[in-house]
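A.B. asks: Quick one: the structure is below, and I'll ask about it shortly.
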């Protein structure tokens, strides 16, 4: 009996798949999403239809997607990895020619009923492609230069397209997630040392080329760096967002001002309060207790993902879940560091809380793949 036949015959079938799901993970994910709905309801001044209701509908759609993906055998998603990656690349190319512009960036494709952000989809399909590649690659070839160049090309190609949009935050996430999957697959540490040296050189080049005709970043991206280093230099301009975010975070105190009582968000002092800076609203209204409780829920999600990796014996599934976990962790850490002034503002949403269709649907798709790996793991 082949490995594929063994994988199929030992997996649950029919209604038994429902019981094989990790319902605890789904419960925590739903709890986090529900907190997001409450915050969106509060931010909109008690109006459900503005942001909370559309976000609920997107979550329900994401839930349907998650169940469909979860009940589909994991070997099917392994076989579809290359195709999914190729579709994501085509969508990224389409953004360059047909993409809609918002807030100075060309990142979306208007589908009529929603605006799709292909770079969000690429975060998952890149992980699928890399996991599939290393699943079929012989262990002896993993660190050989020729076989290292292939995954590097898979990572760099979409990163360049995303940088062109421009979208620095997502491109950083693609690089880090790709590197994490390569590391987990067993690629030699010497390659990562070489990459680290190149990153240091690239950071130096970013600052040294500023103001020249060949500067590496856009002017607004340099402004974000300046704002990060000294937000008080332009308190009513570039530094306004992060200053107001810090005020909201600090004013919540221990227990917060109360639900729908946050002055920074209700009086519109806080820009992008329903997307990138939604955590500050939570901290203002529910204080340290509410913010810490949310972080506990996020930590539980990551713990469930780590346990799923440990319990799974399928290499593709292990690498896939690791990639999803790292991606989710980056969403969380970058957004929190951003709103607390510990990192430049790069437009990364807080997972399951920030208002947005593409990020929510892609996160639920990713959890569907994790659930598929759990349901169909070797027993």
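The values are calculated or read from the model by the stated rules, or taken from the named source; none is laboratory data. Since we're looking at a predicted model, the values are computed, not measured. Cβ atoms come from the backbone with ideal geometry, glycine included; neighbour counts cover every protein chain shown.
A.B. asks: Does residue 184 count as farther than 17 Å from residue 343 by Cα, in contact (Cβ under 8 Å) with a residue 12 or more places away in the chain and part of a helix (DSSP H, G or I)?
C.D. replies: For residue 184, the condition - farther than 17 Å from residue 343 by Cα, in contact (Cβ under 8 Å) with a residue 12 or more places away in the chain and part of a helix (DSSP H, G or I) - is met.
A.B. asks: Please determine whether any residue of region 339-350 is in contact with a strand residue (DSSP E or B) (Cβ under 9 Å, 6 or more places away or on another chain) and either farther than 21 Å from residue 88 by Cβ or not in a helix (DSSP H, G or I) (or both). Quick ask: steps written out before the conclusion?
C.D. replies: The initial filter retains those residues of region 339-350 that are in contact with a strand residue (DSSP E or B) (Cβ under 9 Å, 6 or more places away or on another chain), namely 347.
Next, only the ones that are either farther than 21 Å from residue 88 by Cβ or not in a helix (DSSP H, G or I) (or both) stay: 347.
Checked against the condition, which is being in contact with a strand residue (DSSP E or B) (Cβ under 9 Å, 6 or more places away or on another chain) and either farther than 21 Å from residue 88 by Cβ or not in a helix (DSSP H, G or I) (or both), region 339-350 yields at least one hit.
A.B. asks: Can you name every residue in region 158-175 that is crowded, with 16+ Cβ neighbours inside 10 Å and touching a residue at least 60 places away in the same chain (Cβ under 8 Å)?
C.D. replies: 158, 161, 162, 165, 166, 167, 168, 169, 170, 172, 173
A.B. asks: Only one residue in 288, 279, 269, 316 is at pLDDT 90 or above and under 25 Å from residue 226 (Cβ atoms). Which one?
C.D. replies: Exactly one of 288, 279, 269, 316 is at pLDDT 90 or above and under 25 Å from residue 226 (Cβ atoms), namely 279.
A.B. asks: I've got another one for you. With the requirement that a residue be exposed (fewer than 15 other Cβ atoms within 10 Å of the Cβ) and not in a helix (DSSP H, G or I), what does region 40-73 give you?
C.D. replies: Result: 45, 46, 47.
A.B. asks: Quick one: count up the residues across region 111-133 that are buried (at least 24 other Cβ atoms within 10 Å of the Cβ) and farther than 25 Å from residue 164 by Cβ.
C.D. replies: 1
A.B. asks: Out of the residues in region 337-354 meeting the condition of being modelled with pLDDT of 85 or more, more than 11 Å from the chain's Cα centre (by Cα) and closer than 17 Å to residue 170 by Cβ, tell me which one is surrounded by the most Cβ atoms within 10 Å (Cβ to Cβ).
C.D. replies: 338
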